[in-house]
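**Q** Pasting in a structure now, in structure tokens, and then I'll have a few things to ask.
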Amino acid sequence: MTEPRPSRRAALAVGALGLAAAPAASAPEDGPRAALLAFLKAFEACDLPAMEAAFDAEATSFDRTILSPVPPQQIRLDDYLRRPGMPAGMRRLAQDLPRHAPGPPYQDLTPHDLMVQARGDMAVCSFHLLEPHALSRRTVVLVRRGGTWKILHIHASNVRDAG
């Protein structure tokens with residue numbers, strides 16, 4: 001005895017249920033976005049081991065930012081050159097904040113206007129950190145190594161409101 005064939009409508013319904021139950025395809029930006037948000041969460045908590053683990057072995061950064069006008073004679077241009085690894089200023093902040101602020105978290109690093117542009121094994125994330133009288137702009141370049149997204153470069157600049 002043969003089993004009755006399902007109607008076309010029944011076959012389509014079963015197929016649709018299978019699609020609905022299948023996990024949604026992830027966007028190319030999902031991996032870099034998750035890696036960036038995990039890093040920012042670690043930085044908010046001043047978790048130095050997790051912060052360091054987020055950086056690629058070949059990472060670089062521009063470490064210094066200017067928040068207020070400074071006479072040119074007080075600026076050391078060498079301080080603004082590209083450096084290897086996690087920014088020294090970021091490390092100092094993660095070491096100092098727990099001594100002077102309640103937490104964790106010790107700071108709010110919610111990215112505003114986050115844009116992730118992923119192409120293959122590279123991604124560029126740009127966003128703003130909002131402060132009462134300053135706009136902190138960040139660009140983070142990530143690279144996928146062995147299936148894990150790591151920070152390859154960070155560039156930070158801050159602009160203070162003239163008012």
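**Q** Could you give the nm distance between label points at Glu58 and Arg91, where each point is 7 Å from its Cα heading toward the beta carbon?
**A** Distance between the two pseudo-spin positions: 2.1 nm.
**Q** Arrange the following residues from fewest to most other Cβ atoms within 10 Å of their Cβ: Leu40, Leu109, Leu81.
**A** Working: Leu40 23, Leu109 17, Leu81 10.
Ranked by crowding around the Cβ, least crowded first: Leu81, Leu109, Leu40.
**Q** Let me ask something else. Work through the residues other than Ser157 whose Cβ is under 9 Å from its Cβ and net out their charges, Lys, Arg +1 and Asp, Glu -1. Please report the intermediate quantities before stating the final value.
**A** Working: positive: Arg137, Arg138; negative: none.
That sum, taken over residues with Cβ under 9 Å, equals +2.
**Q** Here's something else I'd like to know. Pop a pseudo-label 7 angstrom from the Cα along the beta-carbon direction at both Lys41 and Ala134 and give the gap in nm to one decimal.
**A** About 2.6 nm, to one decimal.
**Q** May I pose another question? Multiply the residue gap between Met115 and Asp161 by 0.36 nm, knock off their C-alpha separation, and tell me the result in nm, one decimal place. List each step's numbers first, then the result.
**A** Numbers: separation 46, 0.36 × 46 = 16.56 nm, distance 2.32 nm.
Difference between extended and current length: 14.2 nm.
**Q** Hey, another quick one. Please order His100, His128, His112 by the number of other Cβ within 10 Å, starting at the fewest.
**A** Values: His100 7, His128 15, His112 10.
So the ranking, lowest neighbour count to highest, is His100, His112, His128.
Every number in this text was worked out from the coordinates using simple rules, so none of it is lab data. Treat the numbers as computed from the prediction; the structure is a model and nothing was measured. We place every Cβ from the backbone using ideal geometry, glycine too, and count neighbours over all the protein chains shown.
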